[in-house]
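Chemist: Input: one structure, supplied below.
The values are calculated or read from the model by the stated rules, or taken from the named source; none is laboratory data. Everything numeric here is computed off the predicted structure, so don't read it as measured data. Cβ sites come from the backbone with ideal geometry, for glycine too, and all protein chains shown count toward neighbours. Ligands, DNA and RNA are excluded from the accessible area calculation, which covers all protein heavy atoms including side chains. Shrake-Rupley method; radii C 1.70, N 1.55, O 1.52, S 1.80 Å.
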Amino acid sequence: MNPMNYVILAAILFSIGSAAVLLRRNAIVAFMGVELMLNAANLALVAFSRIHGELNGQIMAFFVMVVAAAEVVVGLAIIIAVFRARQSISLDEPAELKG
Amino acid sequence: MQSLIWLAIALPLASAAVLLLAGRRADAWGHWVGVAASGAAFLVGFFALIEMLGKPAEERALDTTLYTFIPGSDLQVDVGLLADPLSITFVLLITFVGTLIHVYSVAYMEHDKDRRRFFAYLNLFVAAMLLLVLADSYLLLFVGWEGVGLASYLLIGFWNHKPEYATAANKAFVVNRIGDIGLIIAMGIMFTTFGALDFATVGQLAGNASTTTLTAIGLALLLAACGKSAQFPLQSWLGDAMAGPTPVSALIHAATMVTAGVYLIVRSAPIFNGAPDAQVVVAIVGAITLTLGALIGMAKDDIKKALAASTMSQIGYMMLAAGLGPIGYAFAIFHLVTHGFFKAGMFLGAGSVMHAMNDQVDMRRFGALKGAMVVTWVTFGLGWLAILGVPPFSGFWSKDKIIESAFVGEGWQPWVFGLTALIGAGLTAFYMSRLFFMTFHGKARWTDEVHPHESPALMTVPMIILAVGSAFLGLFLAVGDRFSHFLEPVTGHVEHHEPVLPVPVIMAATLILVAAGAVFAWLKYGRAEVAEEAPAGSLATITARNDFFQDSVNRAVFQRPGQHVTRTLVYADAAIVDGAVNKQARGWASIGEASRKVQNGQVRSYAATMLVGLVIVVAVIVVGGL
């Protein structure tokens, strides 16, 4: 099977994830979109690893997983803190940084 | 003692510092410290004179370098003091008259709560004036020059709670600054021409410079002298300077500081000797001022302002003499010394009169004071005889010599200068006699509440000493031309020149004019009734009473156009310079305002921006083939 198909699948998954981040107001769903984008990147890395016949891409994918796990912990903690403060996890409501 | 002459400057300076820093706790004894410092400075000068007289004439000048003020390769300025016959003459005049006036002030300022501050300023003045005359370079002279200007400003405005007194102080300061520019310009030309500013080098090299350069330096120095010595056209400040306490008027605005211009001209003799045109201008300025001052003095009813006009006129005589060249230098200084005595004496007399008359100055409300104040009357009378030039009193010996010298020369000059000086003597006799008779003779025209009384001994003793000087100093110094020979190392030896008229004729004409002036004044102000209110007077009287409208002229010619220029400049500054900067700042602000909209606080739009940015970066990489 052509390894390029995995790359295309990764691109599709990335697009879906970014669409979720950009279009959904719910912070949890947007967060899922972020995870999807990370995993799309992982898939692309593993596919490149296979294409080039090296292990670098796979090692990089492990790093991404570790970072993603940490990011999930921090991100969910922030979402819970925001929910406690505002009784809402809408992404559009907090706009204190408006210039 | 000659090498220790710096002590004469240091002592009053230290005393001024002590008095100013010690504050109120020195109120009780501060004035005696001031008197002691001034007296000590006199003793230093006196012993220096004794040492100087013990040496042969050509070795009398002693230049001591204290330290290097500006070390440099091109410009090296040493702080050095030059004690020669000319400067020691000034040192003795300043410290002797100064000490007497210090003593007088102890009593005169007794009821002033700021007496200590007054003495601090007086000491500061003495120190600065001594620095001015002892300096051995123009730059150091300039330090003293500014120092006396500062002291004069502080003392004119001593009672600055009265706004018009504070204004008078400002006026004196501003007019003096105009003169100072002249001195700065002169120093600039000297430095580019000679590469040095000390008297010795400038004097040596002056002979090599072109006449044009020397004339330029001479005229710039004359501007400086006009500012400090209240000579035409910078004379307007002296009348208002009478706002200061009377001892200040006596010391600074009669006897010493205002004569600094004459000192500057005489000290710069090597420059003026090479610039005949500048000399003629000096003499013309002197002639104009002596006439102007005399005419103003004839119309003033304020005793201090009449004396101020007289000072202006007498300094005009000195300037005229200084403008005559080597023949007049010694006489200019001679007249300066005798004038210092009799004018200081008369100012102190005027102060004594004011003391007795509740600080009134209007001579139309004086009269018949000779009975109430015998000592003041006699001492003032001696000063009056001296300034008139009645033989054998001091003024005769000095002023007569100036008139004689003014008649020496060729062409139109001796006639113009000589006749001006001659007529000036008659005018002097008239206005001084008018002042004397209006104050001490005639009927009493006192206001109801005054009770004239003689002043205390602390005031009368200095007046008596100055009156003795007014009477005999001229004779003492004139015997065998003693004073002229003493100054010869500085002013140069002069062959005797014959005036265009025989000397006895000049002397007789002078005495006749003086007698006529005095008799006329007696008829008009001694014997006849004097109106208590000033009569309207003719156009000439009004003109003289208003100082020849000098203030109006200055206002119309300098102040108004100056204000227009500054207003235009302020407008240009606001519209063009500030305008450009402000417009630019407003432009940046509106750019910021516009770009602020991007920061909408929406997390998702930030994310979209990041995505777009990422896509662009990737597109660039892919398309650019990187």
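Chemist: Can you pull out the helices (runs of 4 or more DSSP H) entirely within chain A that have at least 1 residues that are in contact (Cβ under 8 Å) with a residue 60 or more places away in the chain and within 14 Å of chain B (Cβ to nearest Cβ)? Before the answer, list the steps.
Modeler: Values: elements: A:4-23, A:27-52, A:56-86.
Because the criterion is at least 1 residues that are in contact (Cβ under 8 Å) with a residue 60 or more places away in the chain and within 14 Å of chain B (Cβ to nearest Cβ), the helices (runs of 4 or more DSSP H) in chain A that meet it are A:27-52.
Chemist: Consider B:Gly274 carefully, then state whether it is surrounded by fewer than 24 Cβ atoms within 10 Å (Cβ to Cβ) and either at pLDDT below 90 or not aliphatic (A, V, I, L, M) (or both). Give the steps one after another, and end with the answer.
Modeler: Values: surrounded by fewer than 24 Cβ atoms within 10 Å (Cβ to Cβ): yes; either at pLDDT below 90 or not aliphatic (A, V, I, L, M) (or both): yes.
Answer is yes for this residue.
Chemist: For residues that are surrounded by 21 or more Cβ atoms within 10 Å (Cβ to Cβ) and closer than 30 Å to B:Leu75 by Cα, tally how many sit in the range B:149-186.
Modeler: Qualifying residue count for the region: 8.
Chemist: If the Cβ limit is 7 Å and pairs must be 6+ apart or interchain, which residue in the range B:540-566 that is open to solvent by 70 Å² or more (accessible area, probe 1.4 Å) pairs with which residue that is at pLDDT below 85?
Modeler: B:Phe549/B:Thr543
Chemist: Is there any pair linking a residue in the range B:598-626 that is among the basic types (Lys, Arg) to one that is open to solvent by 50 Å² or more (accessible area, probe 1.4 Å) and not in a helix (DSSP H, G or I), with Cβ under 9 Å and at least six apart or on different chains, and which?
Modeler: Matching pairs, first to second residue: B:Arg604/A:Arg24; B:Arg604/A:Arg25.
Chemist: Would you be able to tell me the number of residues in the range A:23-35 that are open to solvent by less than 60 Å² (accessible area, probe 1.4 Å) and within 12 Å of the chain's Cα centre (by Cα)?
Modeler: Number of matching residues: 6.
Chemist: A further question follows. Condition check: closer than 21 Å to B:Glu164 by Cβ, part of a helix (DSSP H, G or I) and out of contact with any Cys (no Cβ under 7 Å at 6 or more places or on another chain). Does B:Ile265 satisfy that? Spell out the reasoning first.
Modeler: Numbers: closer than 21 Å to B:Glu164 by Cβ: no; part of a helix (DSSP H, G or I): yes; out of contact with any Cys (no Cβ under 7 Å at 6 or more places or on another chain): yes.
Criteria not met by B:Ile265.
Chemist: B:Gln584 is checked against (1) farther than 19 Å from B:Gly297 by Cβ; (2) surrounded by 11 or more Cβ atoms within 10 Å (Cβ to Cβ) and fails just one. What number does that condition carry?
Modeler: (2)
Chemist: If I go through the range B:595-626 residue by residue, how many of them are surrounded by 10 or more Cβ atoms within 10 Å (Cβ to Cβ), at pLDDT 85 or above and more than 7 Å from every other protein chain (Cβ to nearest Cβ)?
Modeler: Residues in the range B:595-626 being surrounded by 10 or more Cβ atoms within 10 Å (Cβ to Cβ), at pLDDT 85 or above and more than 7 Å from every other protein chain (Cβ to nearest Cβ): 15 in total.
Chemist: Give the range B:8-53 a look and list any residue that's under 30 Å from B:Glu488 (Cα atoms), open to solvent by less than 50 Å² (accessible area, probe 1.4 Å) and of a type in the set (A, V, I, L, M), or say none.
Modeler: Matches in the range B:8-53: B:Ala8, B:Ile9, B:Ala10, B:Ala40, B:Ala41, B:Val44, B:Ala48, B:Leu49, B:Met52.
Chemist: Continuing with this model, one more query. Please tell me if B:Leu93 is touching a residue at least 40 places away in the same chain (Cβ under 8 Å) and open to solvent by less than 20 Å² (accessible area, probe 1.4 Å). Talk me through it step by step, then tell me what you get.
Modeler: On the way: touching a residue at least 40 places away in the same chain (Cβ under 8 Å): yes; open to solvent by less than 20 Å² (accessible area, probe 1.4 Å): yes.
So B:Leu93 fits the description; yes.
Chemist: Which residue, of B:Ala196, B:Ala169, B:Ala186, B:Ala151, is in contact with a Leu (Cβ under 9 Å, 6 or more places away or on another chain) and part of a loop (DSSP other than H, G, I, E, B)?
Modeler: Values: B:Ala169 fails: part of a loop (DSSP other than H, G, I, E, B); B:Ala186 fails: part of a loop (DSSP other than H, G, I, E, B); B:Ala151 fails: part of a loop (DSSP other than H, G, I, E, B).
Within the list B:Ala196, B:Ala169, B:Ala186, B:Ala151, the selection yields B:Ala196.
Chemist: Is at least one residue of the range B:246-266 open to solvent by 10 Å² or more (accessible area, probe 1.4 Å) and not aliphatic (A, V, I, L, M)? Reasoning before the result, please.
Modeler: Taking the range B:246-266 and keeping what is open to solvent by 10 Å² or more (accessible area, probe 1.4 Å), we get none.
Within the range B:246-266, none of the residues are open to solvent by 10 Å² or more (accessible area, probe 1.4 Å) and not aliphatic (A, V, I, L, M).
Chemist: With the structure loaded, tell me whether B:Ala128 is open to solvent by less than 20 Å² (accessible area, probe 1.4 Å) and hydrophobic (A, V, I, L, M, F, W, C) or whether it fails that test.
Modeler: On the way: open to solvent by less than 20 Å² (accessible area, probe 1.4 Å): yes; hydrophobic (A, V, I, L, M, F, W, C): yes.
Criteria met by B:Ala128.
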